[in-house]
Amino acid sequence: MSQDEEDPKTYGQTMAEPLSRAIGERYLTYALSTIMHRALPDARDGLKPVHRRILYAMRELRLSATGGFRKSAKISGDVMGNYHPHGDAAIYDAMARLAQDFNVRYPLVDGQGNFGNIDGDNPAASRYTEARLTAIAETLMEGLAENAVDFRPNYDGTLEEPVVMPAAFPNLLANGSSGIAVGMATNIPPHNLDELIQGCHLLLKQPEATTADLVALIPGPDFPTGGIMVEPRETILDAYETGRGSFRTRAKWHVEDLGRGTWQIVVTEIPYQVAKSKLIEKLAELIQIKKVPLLADVRDESAEDIRIVLEPRARTVDPEVLMGTLFRNSDLETRFSLNMNVLIDGRVPRVCGLKEVLRAFLDHRRDVLRRRSEHRIEKIDHRLEILEGFIITFLNLDRVIDIIRYDDDPKAALMREHWGKPHKRAASEKDYVTPPPGEGELTEIQAEAILNMRLRSLRRLEEMELIAERDALQKERADLADLLESDRRQWKKIGEELEEIRQKFGKGTKGGDRRTQFAEAGVVEDVPYEAMIEREPITVICSRMGWIRAMKGHVDLAAEQKYKDGDGARFAFHAETTDRILLVAENGRFFTLLGANLPGGRGMGEPVRLMVDLPNDTGITEILLHRPGAKYLVASTAGDGFIVPADELLAQTKAGKQVLTTREGVKSAVCRPVSGDHVAVVGDNRKLLVFPLAELPEMAKGKGVRLQKYKDGGLSDAITFTLADGLSWKDPAGRTRTETLLTEWLGPRAGAGKMAPRGFPRDNRFT
């Protein structure tokens, strides 16, 4: 309505309403539109509106499975212009997916050209590709011309489109579906059509059949890319019962013997919806970061079939252990989440179990059967009416000819005339028995058909064919009437139609056999990461500036090493590639490094801050080997400390693990393995205190207890030792000195202590 045509009562007025109500109403409208017209499939035909419109538009373009191809741009343009007023790119993407045999178990579109691949590459532009319907897609639309389903006006009211497809097979489960709506989502895996039809047969024979009975025939999803499903049967049954769950699928692989004791693993099938290129990138990354040391190399030798080659690092590697590790660390094993949220009768979204979805499909097929039968009866009645008029013509041929030749309005004259109703052929089969004239009149339809009759049809043979056709139609009509009155016959007919589909597309046909196999996951023991690494000696060196490296072999720790300008030596010790190395930060946080992951010793190494999340303003207190089962003494410069088990020091992430709690201005000072029965503590004031180790608590983390009391300064060093063997340290000349008479320094924990003996190092450290 233009401005001049607006209602004068409301023109110029501003309508006000609360913002919450306005937003709520509009958002609710949007949510309902998303749920019903975009995201959730219809349980009856398993299609969303965009897919339904694509198939219908292709049917209208007469793109049958046996016909020619048309440009995809033409198809998406027709869909957009006639039925789906959205972007052509979105329409083309939806159509391309229906043609991808690695995404759709039973493709509904036959594509010619580049429609993408399992590597994850996108289809070519719509102007370069062509498409037509597949044979199985045509079965989804059988009955559209027979009033099998309702039609509704398209978006501009110029055309009509089907509300739902007749769907000759359970497409929802056969091809699956996925979508995200507002507040809900759906994710349905594809299944094997042969098994689904067997399940339908079971429900037709035994409507009270349980989900367990159905799962005996439909054991699980059947993915287009195959793979091995390792989900327990109990879990699968529960998922199909509730409509929610998940299915664990692994790649299919085998060991290929290369001779002379060497071998390689070949992956021939990968899990559903895993892009092959992304998978290989992930495997290559695992090799690069040495997360799976058993794997030496990965190659993609795929052509039309998938062939991913995995080379082990050594021939002694167990293939099961290697694959078990890869299953845990890559997409060679994935989980497909089941969420069977569908539209029941195209209106009500509901999470359904397997039986409920199949029942919705069968009920839909019954409606389609009844509507098609009723439509056929109407057609038969129309044809019988015309045939009756034709037969009357043959019985009264001369009179009919006279009326047509001489009457000014032959149609009205034919309708006014009284004719004898045709009867069945007499027993002699020489002529037809007719009642006296004047017993019946021709209808307008009959009169029109008689006037349109060709002269060459006025043969005796044609007359006999009409009688035969009439008898056949009457028999067919009676059979259809009986069908509509009998529920048992209707279900039997539905079963016969499903069996025809099964014979065309089921087991034994091209693409009809099950692809996804079932197996037990098997118990692959968690092999310690160190056990997968080749054990070799290394020398760990870390500079004052935090540059770390691992030199091969156990080199002389006193040998001179190269460092960057302004840098120098700080930590150096012998280790092995399988060792875990503890890095203690001044803030009391512990980080874990693996010897095999350290950079090589040819250069200057790499900054340790690139390997762990160590703040730039935080220094390194200690780097030492982790010894399983051992215990460590940790202490801060404030003189607080405790004993901690070795396993409590290991960190699982780069962020590390906070073990020693420190306040502002306090740093971690000591982390040393515990041995012996006493603790020796020395402060910055050079006072030494010795007390029993039993006085220290064992904790996983915290501040600890006071080791020594200070008036000025703080803790300099602490060590554990055996009192009977004495306390040892190195004097300024590098000689080891041992003090066995320690009575002067013995005291309770948290004491001040006494001045260290003569000859004690001036840096106040024991080592």
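The values are calculated or read from the model by the stated rules, or taken from the named source; none is laboratory data. Bear in mind that the values here come from a model prediction, so they are computed numbers and not experimental data. Don't worry about glycine lacking a Cβ; one is built from the backbone with ideal geometry, like all the others, and counts go over all protein chains shown.
Values as computed for the structure displayed
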item: Residues of the range 545-565 satisfying the condition of being charged (D, E, K, R) and either exposed (fewer than 14 other Cβ atoms within 10 Å of the Cβ) or more than 17 Å from MET611 (Cβ to Cβ) (or both); result: LYS552, ASP556, GLU560, LYS562, LYS564, ASP565
item: Single unsatisfied condition, LEU202 versus (1) closer than 28 Å to THR249 by Cα; (2) within 28 Å of the chain's Cα centre (by Cα); (3) not basic (Lys, Arg); result: (2)
item: Leading residue by the ranking (surrounded by the fewest Cβ atoms within 10 Å (Cβ to Cβ)) among those in the range 106-134 that are closer than 26 Å to GLU195 by Cβ and in contact with a strand residue (DSSP E or B) (Cβ under 9 Å, 6 or more places away or on another chain); result: ASP110
item: Flag for GLN264 being touching a helix residue (DSSP H, G or I) at 6+ places or on another chain (Cβ under 7 Å) and surrounded by 14 or more Cβ atoms within 10 Å (Cβ to Cβ); result: no
item: Flag if GLU285 is of a type in the set (Asp, Glu), part of a helix (DSSP H, G or I) and either in contact with a strand residue (DSSP E or B) (Cβ under 6 Å, 6 or more places away or on another chain) or closer than 26 Å to ILE197 by Cβ (or both); result: no
item: Some residue of the range 42-52 being in contact with a strand residue (DSSP E or B) (Cβ under 9 Å, 6 or more places away or on another chain), assigned to a helix (DSSP H, G or I) and among the basic types (Lys, Arg); result: yes
item: Sole exception among (1) under 23 Å from the mean Cα position of the chain (by Cα); (2) farther than 19 Å from GLY220 by Cα for ARG299, by number; result: (1)
item: In the range 717-748, residue surrounded by the most Cβ atoms within 10 Å (Cβ to Cβ) [restricted to those that are under 21 Å from SER636 (Cβ atoms) and either out of contact with any Asp or Glu (no Cβ under 9 Å at 6 or more places or on another chain) or in contact (Cβ under 8 Å) with a residue 60 or more places away in the chain (or both)]; result: ALA718
item: So ASP93, is it in a loop (DSSP other than H, G, I, E, B) and among the acidic types (Asp, Glu); result: no
item: THR139 vs. criteria among the polar types (S, T, N, Q) and either assigned to a loop (DSSP other than H, G, I, E, B) or in contact with a strand residue (DSSP E or B) (Cβ under 8 Å, 6 or more places away or on another chain) (or both); result: no
item: Single unsatisfied condition, LYS657 versus (1) farther than 23 Å from THR767 by Cα; (2) out of contact with any Phe, Trp or Tyr (no Cβ under 7 Å at 6 or more places or on another chain); (3) in contact (Cβ under 8 Å) with a residue 24 or more places away in the chain; (4) surrounded by fewer than 20 Cβ atoms within 10 Å (Cβ to Cβ); result: (2)
item: Tally, over the range 584-612, of residues that are of a type in the set (D, E, K, R) and free of Cβ contacts under 8 Å to residues at least 40 places away in the same chain; result: 1
item: Count of residues meeting criterion [surrounded by 17 or more Cβ atoms within 10 Å (Cβ to Cβ), touching a helix residue (DSSP H, G or I) at 6+ places or on another chain (Cβ under 9 Å) and modelled with pLDDT of 90 or more] in the range 515-544; result: 3
item: Qualifying residues in the range 188-238 (those that are within 14 Å of LEU358 (Cβ to Cβ) and among the β-branched types (Val, Ile, Thr)) - the one surrounded by the fewest Cβ atoms within 10 Å (Cβ to Cβ); result: THR210
item: Per-region count, the range 385-410, residues outside any helix (DSSP H, G or I) and of a type in the set (S, T, N, Q); result: 1
item: SER728 being hydroxyl-bearing (Ser, Thr, Tyr), within 60 Å of the chain's Cα centre (by Cα) and under 20 Å from ALA669 (Cα atoms); result: no
item: Selection from the range 154-187 of residues that are in a loop (DSSP other than H, G, I, E, B), surrounded by 18 or more Cβ atoms within 10 Å (Cβ to Cβ) and in contact with a helix residue (DSSP H, G or I) (Cβ under 8 Å, 6 or more places away or on another chain); result: VAL164, MET165, PRO166, ALA167, ALA168, PHE169, PRO170, ALA181
item: Lone unmet requirement of (1) assigned to a loop (DSSP other than H, G, I, E, B); (2) at pLDDT 95 or above; (3) closer than 30 Å to THR268 by Cα for ASP119; result: (2)
item: Meets criteria (surrounded by fewer than 15 Cβ atoms within 10 Å (Cβ to Cβ), in the same structural domain as ILE386 (by TED's automatic domain parsing) and touching a helix residue (DSSP H, G or I) at 6+ places or on another chain (Cβ under 9 Å)) for ASP487; result: yes
item: Hits in the range 227-266 - residues which are touching a Leu at 6+ places or on another chain (Cβ under 7 Å) and of a type in the set (A, V, I, L, M); result: ALA239, ALA251, ILE265
item: Selection from the range 92-119 of residues that are among the β-branched types (Val, Ile, Thr) and more than 18 Å from LEU140 (Cβ to Cβ); result: ILE118
item: Residue within the range 188-196 that is in contact with a Ser or Thr (Cβ under 7 Å, 6 or more places away or on another chain) and either part of a helix (DSSP H, G or I) or in contact (Cβ under 8 Å) with a residue 60 or more places away in the chain (or both) present; result: yes
item: Subset of the range 682-705 (residues that are more than 53 Å from the chain's Cα centre (by Cα), closer than 12 Å to ALA638 by Cβ and not in a loop (DSSP other than H, G, I, E, B)); result: GLY683
